[in-house]
Amino acid sequence: MTVLQFVARRLALTIPLLLGIIFITFMLIRIGGQDAVGMLTSPLASKQEVDAIRASLGLDRPLLEQFAIYIGNVLQGDLGNSWQSKQPVLGEILRRLPASIELLFLSIILGAAIGIPIGLRAAMRPNGLFDQVSRFVSLIGFSVPTYWMALMALFVFYLGLRWTPPPMGRISIAAFPPKPVTGSYFLDSLFAGDWSAASSAGHYLILPVAVFSLIVAAPIIKQTRAIAIEILNSDYVRLARLYGFRPQTIRRLTLRNAFTPIATYIGSELATLLAAVSLVELVFSWGGLGQWGLNAILFGDFAAVQGYVLTLAIFATTIYLLVDVAVLVLEPRSAISK
């Protein structure tokens, strides 16, 4: 099977999957008990005013008819308008997504740089002191809620030590945000040659990235350790040890053979982390897609919630597709069973 054939088949399966996600989300937020019209109107509004707003939003029509209208608009690139900001949902998503992507990918890179070496070293001597400590640390990363870790980091490093800036966005109020190019204040400031803004944006990145990278590193440590132990117990590694290969050579051999399953795991984790980063964004007032989506859920902004979930679904399916293509390229034998 060629890569193009594989991608075409996966895309054909992705379309009904996205339709199913849209349908479930559409129905759940409408039968969930939240009355968006009640949130948009005054408590003193008359029944006629409430009915008029409900009709203007199309909420007086049958659910299946509302869904058909929404799908038709989505196919034309119209995700509706946010009921809170009165702005197009697609524009809000495109404006806020780069902030979340910046935080997510920096955390993934740092988390992988921490987790993979620790997991490999722990696997070299199972049940040793380093292995016990690393497993305990990763267990803490699994167990501690994301928002609690973010709040404790603020309490220690901002309120206590005063090492980091306040959790009030992505750049200091004293600095002018750069002209948008990539959407990342740090990169855009560097492109513009504004070193003051770049320094400010970099300082605001440090704590949220550090917090989320620790959360990301915990499962990577555990998974890398498990994969490496399995490889170290394989016949070809045992044979290499019998031939007297140096420990450094054994580690390189293990890492080379563990690379594909580790990369696959990190890719699959990445597909779910765009939603998980929302709690970190909320604590640090990051202003990204995750914080915007959480606020939309809390306030019953139907159009924004639907756009947010659709973005998460597209992001996840895209990441899974890229991971599968990478595995197909790196391990062509995996296509035999497909």
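Go ahead and estimate [θ] at 222 nm for the chain from helices alone: -39,500 (n - 2.57) per DSSP H run with n ≥ 4, summed, over the residue count, rounded to 500. Intermediate results must be reported in sequence, preceding the final value.
On the way: 13 runs with 246 residues, N = 338.
Calculated from helices alone, the mean residue ellipticity at 222 nm is -25000 deg cm²/dmol.
Starting from the 7 Å offset along Cα-to-Cβ, what nm value, one decimal, do you get for the label separation of Leu239 and Ser199?
Once both label points are built, they end up 5.9 nm from each other.
Among Ala45, Leu17, Gln66, whose Cα sits farthest toward the positive end of the charge dipole of segment 1-120 (+1 at Cβ of Lys/Arg, -1 at Cβ of Asp/Glu, about the Cα centre)?
Leu17
Apply 1/(1 + (r/R0)^6) to the Cβ-Cβ distance of Ile71 and Arg95, taking R0 = 35 Å, and write down the FRET efficiency to the nearest 0.05.
Values: r = 24 Å, r/R0 = 0.69.
Rounded to the nearest 0.05, the efficiency is 0.90.
Please get the size of the charge dipole for the chain, origin at its Cα centre, with Cβ charges of +1 on Lys and Arg and -1 on Asp and Glu, quoted in debye to the nearest 20.
1380 debye
Name the shape class, rounded, prolate or oblate, that the alpha-carbon gyration tensor gives for segment 96-286, where a ≥ b ≥ c are the square roots of its eigenvalues, rounded holds for a/c under 1.5, and otherwise prolate holds if a/b is larger than b/c and oblate otherwise.
In terms of gyration-tensor shape, prolate.
Note the angle between two axes, namely the Cα long axis of helix 289-298 and the longest principal axis of the Cα atoms of the chain, as a number of degrees from 0 to 90, rounded to the nearest 10.
Its long axis makes an angle of about 50 degrees.
Near the amide H of Ser85, under 5 Å away, which other amide H atoms are found, from residues 5 or more places off or on another chain, if H is placed in the peptide plane?
Counting only residues 5 or more places away or on other chains, the set is empty.
Would you list Tyr204, Tyr236 from fewest to most Cβ contacts within 10 Å?
Tyr236, Tyr204
Tell me which of Ile231, Phe259, Trp83 sits at the most positive position along the dipole axis of the chain, charges placed on C-beta atoms (Lys, Arg +1; Asp, Glu -1).
Ile231
Starting from 0.36 nm per residue, how many nanometres of slack lie between Phe136 and Met168 once their C-alpha separation is accounted for?
Between Phe136 and Met168, full extension yields an extra 8.2 nm.
Taking the number of other C-beta atoms within 10 Å as the exposure measure, put Lys47, Lys179, Lys222 in order starting with the fewest.
With the fewest neighbours first, Lys47, Lys179, Lys222 line up as Lys47, Lys179, Lys222.
Using 7 Å Cα-to-Cβ label points, what is the Ala52/Thr2 separation (nm, one decimal)?
6.1 nm
Mind giving me the nanometre distance, one decimal, between the label points for Phe157 and Ala45, set 7 Å out from Cα along Cα→Cβ?
With each label point 7 Å from Cα toward Cβ, the separation is 4.3 nm.
Taking N as the number of residues in the chain, what value does Rg over Cα atoms divided by 2.2 N^0.38 Å take?
Its radius of gyration relative to the 2.2 N^0.38 Å reference: 1.19.
Where a number appears in this text, it was derived from the coordinates with a stated rule and is not lab data. Being a predicted model, the structure only gives us computed values, none of them experimental. Glycine also receives a Cβ, built like all others from the backbone with ideal geometry; neighbour counts cover every protein chain displayed.
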